[in-house]
1. Which residues, counting only those in the stretch 123-151, are touching a residue at least 40 places away in the same chain (Cβ under 8 Å), among the basic types (Lys, Arg) and part of a loop (DSSP other than H, G, I, E, B)?
2. Find the residue count for the stretch 320-338, including only residues that are over 13 Å from the mean Cα position of the chain (by Cα), acidic (Asp, Glu) and in a strand (DSSP E or B).
3. Name the residues in the stretch 80-97 that are out of contact with any Asp or Glu (no Cβ under 7 Å at 6 or more places or on another chain) and either away from ligand 1 (no atom under 13 Å from the Cβ) or hydroxyl-bearing (Ser, Thr, Tyr) (or both), would you?
4. Those residues that are in a helix (DSSP H, G or I), within 13 Å of residue 317 (Cβ to Cβ) and under 20 Å from the mean Cα position of the chain (by Cα), I need them from the stretch 347-366; list them, please.
5. With the structure loaded, tell me whether residue 116 is small (Gly, Ala, Ser), within 16 Å of ligand 1 (Cβ to nearest atom) and surrounded by fewer than 19 Cβ atoms within 10 Å (Cβ to Cβ) or whether it fails that test.
6. Name the single residue that is farthest from ligand 1 (Cβ to nearest atom) among those in the stretch 55-72 being more than 25 Å from residue 36 (Cβ to Cβ) and assigned to a loop (DSSP other than H, G, I, E, B).
7. Which of the residues that make up the stretch 303-315 are surrounded by fewer than 24 Cβ atoms within 10 Å (Cβ to Cβ) and either touching a helix residue (DSSP H, G or I) at 6+ places or on another chain (Cβ under 6 Å) or under 14 Å from residue 259 (Cα atoms) (or both)?
8. Could you run through the stretch 168-222 and say how many residues are within 13 Å of ligand 2 (Cβ to nearest atom), modelled with pLDDT under 95 and assigned to a helix (DSSP H, G or I)?
Amino acid sequence: MFDPSDVVGHVRNGMLPAHIYNDPEIFAAERESIFSRSWVFLAHESEIPQVGDYVVRRVMQNSFIVSRANDGAVHAMFNMCLHRGMQVCRAEQGNASHFRCPYHGWSYRNDGRIVGLPFHREAYGGEDGFSKRGRRLLPAPAMDTVNGLIFVSLDPQAPPLREYLGDFAFYLDYYTRQSPSGIEVLGPQRWRIKANWKIGAENFAGDMYHTPQTHTSVVEIGLFREPKAERRKDGTTYWATSGGGTTYKLPPGTLEERLRYVGYPDEMIDRMKRSWSAEQLDLIGRDGFMVSAASVFPNLSFVHNWPRVADSDDVLPFVSLRQWQPISENETEVLSWFVVDKEAPEEFKALSYKAYLMCFGSSGMFEQDDVENWVSLTATAAGTMAQRLLLNGRMGMLADGSTIAPALGADEWAGPGESRVGYGEYNQRHLMNRWADLIETGPPDTASVTVGTPGREDAR
Ligand code: FES
Ligand SMILES: [Fe+2]
């Protein structure tokens, strides 16, 4: 029987029991305690712009239809028929006013309300026998959006999404609100890797240390100006409430010069100046840092980089949103979206997409480099020797628990949270401490949730 106290103490000390990266009991505990409590990303609103548009996404094994109903509202509905449990929608995405269950043909409106049962009168005695009124596909226990990003939580008592994200919202805007219109997304590309889901989340949260080693070849062939070791260690890692990430240090210059340095055209810079707060602009213009990779607990990550896309020295930035969807203790489905500002010029969008595909996505060079490490790590973590090994996750921390690099002051770092220059596994520890807290807390109390009881809205 799994006892959380076997692992959480070590994790809080920055030492990681190696088997947590490939252990069915740990995976079961994550399903019950982490993914049943946290806010988990499902989709972006721009994926379902029209009435009737839908995508089907998952939180662990729980399939949800995310649809835009006839009234324009977004719904996240558990994709399981109220009759005998068939998956109501089998497509990955599409446009539909109704979903008809393939098994016996019960049908539901795109807001989840049941509208028809074959032979309702003969089989069920009509409305008197089985009232359709108030019956609907089970809604996600909690759903909320920020910058068009749709999240759900399986915990009906979850705190509001804004509260959950907390100060990370400040950093989220760099990726998802470069203009008042927000972003549009392309994708997701989906593929499976034989690696544990936590590795990607930790890597994107703060692993600046791997870049010069793992990604040597992309530096050597001259495609990327930035991943060099010197450039990486001059950057920062930051952590703010539920998420954190890495930055690069930019060369001296004004805000405009620094945004141009990473390849943004002037018209986009103008919109950024109108969309971001003085502090958000100061982090770039005054302090000279530009966000790169980041993760939000538990399994959502972002990346922003600016490779060369042509033979010239010019670079062009791209943003990607990605999710590490757990399949099992040793398999993860990666969902990777290309993200771009809706108002960006068409030429920028095309080149930025090219930049994304070169670096990330199923064919991206960074992606391929990374995954080889993660698969190898996961395979090795399954063995009995791994049960004796505590991995060292204490970079940046001295024996007494104090940190090597001081946290930057308000005059050096305009953003909220805690930030430090140089290599350190501060963020990985934040992420894994959060993991340990939930593993220890256990599953949410869902005993009080009565399934199938019509709510007030339903009874209309
Ligand atoms: S299981 Fe869906 S109609 Fe029977
Ligand atoms: Fe990497």
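The values are calculated or read from the model by the stated rules, or taken from the named source; none is laboratory data. What you are looking at is a predicted structure, and each value in this text was computed from that prediction instead of being measured. Heads up, the Cβs are rebuilt from the backbone with ideal geometry, glycines too, and the neighbour counts pull from every protein chain shown.
1. Selection gives 133, 135.
2. Here the count works out to 1.
3. Scanning the stretch 80-97 gives 91, 92, 93, 94, 96, 97.
4. Within the stretch 347-366, 353, 356, 359 qualify.
5. So residue 116 passes the test.
6. The residue in question is 72.
7. 304, 306, 307, 309, 314, 315
8. 8
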